[in-house]
């Protein structure tokens with residue numbers, strides 16, 4: 001009788017432990033949200049936070065917010081980047097593997113303005129009028145790959161570029177490159 005009770009308690013403990021493991025795995029596999037940080041852009045003083053919502057098993061929408069914190073040597077011309085994006089995935093797992101991305105950008109960009117006047121002794125002389133900031137809108141594309149671990153951590157590598165629309169701008173493009181890490185929940 002003692003052996004039967006020990007065997008039944010051991011089976012019960014194993015089944016409870018297996019059920020909890022299955023539920024944890026199932027939670028992350030069915031997760032529809034991801035939060036990530038772009039490590040690559042942070043090195044260049046443009047930290048970027050990403051949120052992504054998984055719509056289907058092969059498509060998602062997201063928003064990347066980048067904040068310029070650097071000096072004039074870095075990507076300091078970008079004060080704020082808000083980049084909504086749409087991705088289509090070609091991997092076997094849920095929203096992972098190779099992807100293509102279409103994006104738009106709303107950016108607050110610092111631009112240097114200069115004025116010119118004609119001096120009879122020196123010809124045209126350049127006079128700096130200081131820095132101004134402008135909001136710009138642009139469209140772009142990127143390609144990349146997303147890697148998913150068994151416990152819900154994600155990593156991405158992607159690259160692309162976008163172009164600001166309109167004329168008379170000193171900065172005509174925005175970068176869309178990154179190495180990100182994050183968590184699916």
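Since every read-out is calculated from the coordinates, none of them should be taken as a lab result. What you are looking at is a predicted structure, and each value in this text was computed from that prediction instead of being measured. All Cβ positions, even for glycine, are placed from backbone atoms using ideal geometry, and neighbour counts span all protein chains on display.
The figures follow:
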quantity: Estimated FRET transfer efficiency when R0 is 30 angstrom, pair residue 82-residue 55 (beta carbons, to 0.05); calculated: 0.90
quantity: Packing rank of 93-103, 174-184, where each peptide gets the mean count of other beta carbons within 10 Å, highest leading; calculated: 174-184, 93-103
